[in-house]
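Worksheet: one structure, shown below.
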Amino acid sequence: MGEHDVHIETVEQLQLVGIRVRCPEEEYVLQIPIAANELVERQNEIANVLNHSYQFGAFVVDASSEEEEGYWVCQQVKKVEHVPEGMVSLTIPTQTYAVMKHTGSNKTILQTYDELHNWIEKSDSKRRLDAWHLERFYHFKNINQIEVDLMDTIQDEAKERI
C-alpha cells in the first residue's frame, strides 16, 4: 500500500467536546496546534472521553452561517454532560468519508488534501462541502511530524439511490 491510499469509511454519529478556533484563514496553521495542546492540558476536565490517544478536528468547508465558521479541536465523548468553561460541544451526524492519511509537516497537509480531492473526483464520488469534515489526529505534538487521517465527507451513494 502506498502512503496515500484512500479508503471509504462510514462513521456513526460523533459527540465531540473541545475548543473552537476562529481566525483569519492563514493563521489556522498556527492556531490549531495551540488549541490542540490546550485541549491536551485540559482533557481531564472533559467528562466521558472515549479515547485520549487521538483528537478530532472538525470544520465545514463551505460554512453557510457564522455558527459553522471556524475549526473545532475536540475529544470524542460517550455523551455530552458537562462542557468545561471556554469549550463547546458538537454533534456530527453519521456520515461517509473518503479518508487519506497525512504524515509529516502540518504545512504540507494541503498537498495531501489535493491528492484526496483528486481521488474523490476520479472515483465519481461527490464532496459534501456543506457538511462537517473531520481530521483524526494521532500525533500532533510536533507540527513537523504529525499523523492525521484526513476525512473528507462524501455523499453516500447508497442513500442517494433510495
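The values are calculated or read from the model by the stated rules, or taken from the named source; none is laboratory data. Keep in mind it's a predicted model, so treat the numbers as computed, not measured. Glycine gets a Cβ as well: all are built from the backbone with ideal geometry, and neighbour counts include every protein chain shown.
Of the residues Ala58, Ala36, which is part of a helix (DSSP H, G or I), within 14 Å of Glu135 (Cα to Cα) and not acidic (Asp, Glu)?
Ala36
Filter the range 83-122 for residues that are hydroxyl-bearing (Ser, Thr, Tyr), in a helix (DSSP H, G or I) and over 15 Å from Val6 (Cβ atoms) and give the result.
Within the range 83-122, Thr108 is the sole residue that qualifies.
Among the residues of the range 116-143, count how many are modelled with pLDDT under 90 and closer than 30 Å to His52 by Cβ.
Within the range 116-143, residues that are modelled with pLDDT under 90 and closer than 30 Å to His52 by Cβ number 5.
Could you give every pair whose Cβ atoms fall below 9 Å, whose first residue belongs to the range 113-136 and is among the hydroxyl-bearing types (Ser, Thr, Tyr), and whose second residue is in a loop (DSSP other than H, G, I, E, B), counting only separations of at least 6 or pairs across chains?
Close Cβ pairs satisfying both conditions: Ser125/Gln155.
Report yes if some residue within the range 76-91 is within 18 Å of Asn37 (Cβ to Cβ), surrounded by 12 or more Cβ atoms within 10 Å (Cβ to Cβ) and among the small types (Gly, Ala, Ser); otherwise report no.
For the range 76-91, residues within 18 Å of Asn37 (Cβ to Cβ), surrounded by 12 or more Cβ atoms within 10 Å (Cβ to Cβ) and among the small types (Gly, Ala, Ser): absent.
Looking at Ala58, Ala47, can you tell me which residue is surrounded by 13 or more Cβ atoms within 10 Å (Cβ to Cβ) and either modelled with pLDDT under 95 or closer than 17 Å to Asp152 by Cβ (or both)?
Ala58
So which residues in the range 32-44 are in contact (Cβ under 8 Å) with a residue 60 or more places away in the chain and buried (at least 16 other Cβ atoms within 10 Å of the Cβ), if there are any at all?
If the condition is that a residue be in contact (Cβ under 8 Å) with a residue 60 or more places away in the chain and buried (at least 16 other Cβ atoms within 10 Å of the Cβ), then Ile32, Pro33, Ala36 are the ones that fit.
What is the residue count in the range 7-20 for residues that are surrounded by fewer than 19 Cβ atoms within 10 Å (Cβ to Cβ) and outside any loop (DSSP other than H, G, I, E, B)?
Going through the range 7-20 one residue at a time, the tally reaches 7.
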